[in-house]
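**Q** Quick one: this structure, given as structure tokens, is what I'll be asking you about.
The values are calculated or read from the model by the stated rules, or taken from the named source; none is laboratory data. Everything numeric in this text was worked out from a predicted model, so none of it was measured. Neighbour counts are summed over all protein chains in view; Cβ atoms, including those assigned to glycine, are modelled from backbone coordinates with ideal geometry.
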Amino acid sequence: MTAVPQERRVVTAIPGPKSQELQARRTAAVAQGVGSVLPVFTARAGGGIIEDVDGNRLIDFGSGIAVTSVGNSAEAVVRRASAQLQDFTHTCFMITPYEGYVAVAEALAELTPGDHAKKSALFNSGAEAVENAVKIARSFTRRQAVVVFDHGYHGRTNLTMALTSKNMPYKQGFGPFAPEVYRMPMAYGYRWPTGPQNAGPEAAAQAIDQITKQIGPENVAAIIVEPVLGEGGFIEPAKGFLPALREFATGHGIVFVADEIQSGFCRTGQWFACEDEGIVPDLITTAKGIAGGLPLAAVTGRAEIMDAAHAGGLGGTYGGNPVACAGALGAIETMKELDLNARAKAIEATMKPRLSAMAEKFEIIGDVRGRGAMIAIELVKDRTTKEPNPEATSALAGACHQEGLLVLTCGTYGNVLRFLPPLVIGEDLLGEGLDIIEQAFTRI
Ligand SMILES: *Cc1c(COP(=O)(O)O)cnc(C)c1O
């Protein structure tokens, strides 16, 4: 397998004829509920480039939703996963265990915040990890209520749909949802009525007041929060919000769960985004970036909490699959060797000034935010009213796609353009991607 050339190339319409042929087959065979941002079919990918079946090379500002942070088919991931494939593909860790699973749990204990004794359990998807964090927290506290936040996203299974804030497309028509889930205000600085400087303390005070009045802290098993919100719009909870909730949880014996599935593994320039305000979660859920594209997820946390569930109470046929574990060890090795935390900060240092300069020129940019290589712009119709502008957001994304730059959108109002480049992307591709975004603004 030769390395994918690190240059953008658009040789057909996007999507091209071969992609369109495959799309026709797909439409006939694949359920329409499974969507695609851009129906170009992938031939190969690596570094900052996705090459499609028509020979187009797209600059990748999506990383498969913050998954291929170490790049696609990263050398260490392929090497370790291939070796594992030769040895054995599966035994089920619950039947006969293997070292890779244990090594991933050890790495998670080392890398996650806090120097307390930690244990992990491995699963296949982010949603499965979040569900298990709830099971573990309920088992430990012998309480039922779970607190989540406005704009939060935690997955598509029944319990995680209940935890997720946004109805369309995640929940519409899929109820009834799991009970004992309570949603509290999020410190969304840009949209906080009294301004971003007040958002942290005020949102925390409101949340704590509502938990106290509506649920009773003694009934709360877990508070689950994304330290930087992903699907909800790359919202960084305003300063002070997370520490206040962490303190409240400690005071009431509530398990504080950081959902770092999107924000973890060097994405924000730290191993985990909660480190930014010195937060030490009781449990942390990880997935996406953990294994360089292989399906793996984990719950990691205080040993006494993790051990609360009875033997046999946690698991699953494939959870911690040996090939996925080998991939994770390769991804973590790559993150350390290439110092991808530093790389994420360098990406921020390139992107933020360029996007802020665009915000001076283009009135529809209401906010530029994010950390590391998790950066977004929020688009509005009017800076004073802050009325969301989802139309311009999809027009911009479409314009970027036509030029061979893959960008994603997100946000409760569908008006956030988000950038999640692989952390190994070259500076030249990063700069070229930013040029394309700027031209797209001029064009629409
Ligand atoms: C993607 C995501 C999930 C769900 O992960 P899946 O692997 O898609 O099940 C949960 N929480 C957050 C914060 C996510 O970004």
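**Q** Quick one: which of I261, I215, I254 is within 16 Å of the ligand (Cβ to nearest atom) and assigned by TED's automatic domain parsing to the domain that holds G189?
**A** Values: I215 fails: within 16 Å of the ligand (Cβ to nearest atom); I254 fails: within 16 Å of the ligand (Cβ to nearest atom).
Just one listed residue meets the conditions, I261.
**Q** Looking at region 404-439 only, could you name the residues that are farther than 23 Å from R371 by Cα and touching a strand residue (DSSP E or B) at 6+ places or on another chain (Cβ under 9 Å)? Steps first, please.
**A** At the first step, the residues of region 404-439 found to be farther than 23 Å from R371 by Cα are 404, 439.
G404, the sole residue that qualifies.
**Q** Give me the residue from region 143-158 that is in contact with a strand residue (DSSP E or B) (Cβ under 8 Å, 6 or more places away or on another chain) and closer than 28 Å to H310 by Cα and, out of that set, nearest to the ligand (Cβ to nearest atom).
**A** H154
**Q** Determine whether region 312-331 contains at least one residue that is away from the ligand (no atom under 16 Å from the Cβ), under 29 Å from G411 (Cα atoms) and not in a helix (DSSP H, G or I).
**A** no
**Q** Just a yes or no: is a residue in region 109-118 more than 11 Å from the ligand (Cβ to nearest atom) and under 14 Å from G315 (Cα atoms)?
**A** From region 109-118, those more than 11 Å from the ligand (Cβ to nearest atom) are 109-118; that's our starting set.
Now restrict to residues that are under 14 Å from G315 (Cα atoms): none.
No, there is no match, as no residue in region 109-118 is more than 11 Å from the ligand (Cβ to nearest atom) and under 14 Å from G315 (Cα atoms).
**Q** Going through M186, M168 one at a time, which residue ends up being within 16 Å of the ligand (Cβ to nearest atom), over 25 Å from N124 (Cβ atoms) and either in contact with a Phe, Trp or Tyr (Cβ under 6 Å, 6 or more places away or on another chain) or without any contact (Cβ under 8 Å) to a residue 24 or more places away in the chain (or both)? Spell out the reasoning first.
**A** Working: M168 fails: within 16 Å of the ligand (Cβ to nearest atom).
None of the other options fit; the residue is M186.
**Q** Among (1) over 19 Å from the mean Cα position of the chain (by Cα); (2) of a type in the set (D, E); (3) farther than 22 Å from A249 by Cα, there is one condition E180 misses while meeting the rest; what is its number?
**A** So the condition that E180 fails would be (3).
**Q** Follow-up question, since we're still on this one. Quick test of your reading of the structure: A207 fulfils all but one of (1) among the small types (G, A, S); (2) more than 24 Å from K171 (Cα to Cα); (3) assigned to a helix (DSSP H, G or I). Name the failing condition by number.
**A** (2)
**Q** Still on this structure: If T212 meets every condition in (1) in contact (Cβ under 8 Å) with a residue 40 or more places away in the chain; (2) assigned to a helix (DSSP H, G or I) apart from one, which number is that one?
**A** Single failed check for T212: (1).
**Q** Follow-up. Of these, E348, E360, E304, E333, which one is at pLDDT 95 or above and closer than 15 Å to G71 by Cβ?
**A** Numbers: E348 fails: closer than 15 Å to G71 by Cβ; E360 fails: closer than 15 Å to G71 by Cβ; E304 fails: closer than 15 Å to G71 by Cβ.
The match here is E333.
**Q** Additional query: Give me the pairs, please: first residue somewhere in region 393-415 and surrounded by fewer than 23 Cβ atoms within 10 Å (Cβ to Cβ), second residue anywhere and in a strand (DSSP E or B) and of a type in the set (S, T, Y), beta-carbon distance under 8 Å, and either six or more positions apart or on two chains.
**A** S394/T409; A397/T409
**Q** Moving to a separate point now. Can you tell me which residue among G269, G293 is more than 16 Å from the ligand (Cβ to nearest atom), closer than 22 Å to E75 by Cα, within 17 Å of the chain's Cα centre (by Cα) and not in a strand (DSSP E or B)? Break it down into steps so the answer makes sense when it comes.
**A** Details: G293 fails: more than 16 Å from the ligand (Cβ to nearest atom).
None of the others qualify; the one that does is G269.
**Q** Next question, about the same structure. Against the definition (over 22 Å from T286 (Cβ atoms) and of a type in the set (G, A, S)), how does G155 come out, yes or no? Please lay out each step first, then the result.
**A** Details: over 22 Å from T286 (Cβ atoms): no; of a type in the set (G, A, S): yes.
For G155, the condition - over 22 Å from T286 (Cβ atoms) and of a type in the set (G, A, S) - is not met.
**Q** So is G35 more than 16 Å from the ligand (Cβ to nearest atom) and among the small types (G, A, S) or not?
**A** Details: more than 16 Å from the ligand (Cβ to nearest atom): no; among the small types (G, A, S): yes.
No: the conditions fail for G35.
**Q** Within region 40-71, count every residue that is farther than 21 Å from Q20 by Cα and more than 16 Å from the ligand (Cβ to nearest atom). Break it down into steps so the answer makes sense when it comes.
**A** Step one: list which residues in region 40-71 are farther than 21 Å from Q20 by Cα, which gives 46-48, 61-63, 65-71.
Going one step further and asking which of them are more than 16 Å from the ligand (Cβ to nearest atom), we end up with 46-48, 61, 70-71.
So the answer is 6.
**Q** Out of all the residues in region 10-34, which are surrounded by fewer than 13 Cβ atoms within 10 Å (Cβ to Cβ) and either within 27 Å of V77 (Cβ to Cβ) or of a type in the set (A, V, I, L, M) (or both)?
**A** Selection gives V11, A13, A24, A28, A29, V30, A31, V34.
**Q** While we're here: When you look at A107, is it among the small types (G, A, S) and not assigned by TED's automatic domain parsing to the domain that holds T409, yes or no? Steps first, please.
**A** Details: among the small types (G, A, S): yes; not assigned by TED's automatic domain parsing to the domain that holds T409: yes.
Yes.
**Q** In addition: Working carefully through the options F88, F93, find the one that is at pLDDT 95 or above, surrounded by 19 or more Cβ atoms within 10 Å (Cβ to Cβ) and either closer than 14 Å to N321 by Cβ or within 16 Å of the ligand (Cβ to nearest atom) (or both). Full working, then the answer.
**A** Working: F88 fails: surrounded by 19 or more Cβ atoms within 10 Å (Cβ to Cβ).
Step by step, each of F88, F93 is checked, and only F93 is at pLDDT 95 or above, surrounded by 19 or more Cβ atoms within 10 Å (Cβ to Cβ) and either closer than 14 Å to N321 by Cβ or within 16 Å of the ligand (Cβ to nearest atom) (or both).
**Q** Here are some conditions: (1) without any contact (Cβ under 8 Å) to a residue 12 or more places away in the chain; (2) of a type in the set (A, V, I, L, M, F, W, C); (3) closer than 24 Å to T286 by Cβ. A357 meets all but one. Which one does it not meet?
**A** The number of the failed condition is (3).
**Q** So in region 273-290, with the set limited to residues that are surrounded by fewer than 24 Cβ atoms within 10 Å (Cβ to Cβ) and hydrophobic (A, V, I, L, M, F, W, C), which one is nearest to the ligand (Cβ to nearest atom)? I'd like the intermediate steps shown before the answer.
**A** Our first condition is that a residue be surrounded by fewer than 24 Cβ atoms within 10 Å (Cβ to Cβ); within region 273-290, this holds for 275-280.
Then keep just the ones that are hydrophobic (A, V, I, L, M, F, W, C); that gives 279-280.
Numbers: I279: 15, V280: 19 Å.
Ranking the qualifying residues of region 273-290, first place goes to I279.
**Q** Ok, one more. Taking N124 as the residue in question, decide whether it is of a type in the set (S, T, N, Q) and within 16 Å of the ligand (Cβ to nearest atom).
**A** Details: of a type in the set (S, T, N, Q): yes; within 16 Å of the ligand (Cβ to nearest atom): yes.
Spelling it out, N124 is indeed of a type in the set (S, T, N, Q) and within 16 Å of the ligand (Cβ to nearest atom).
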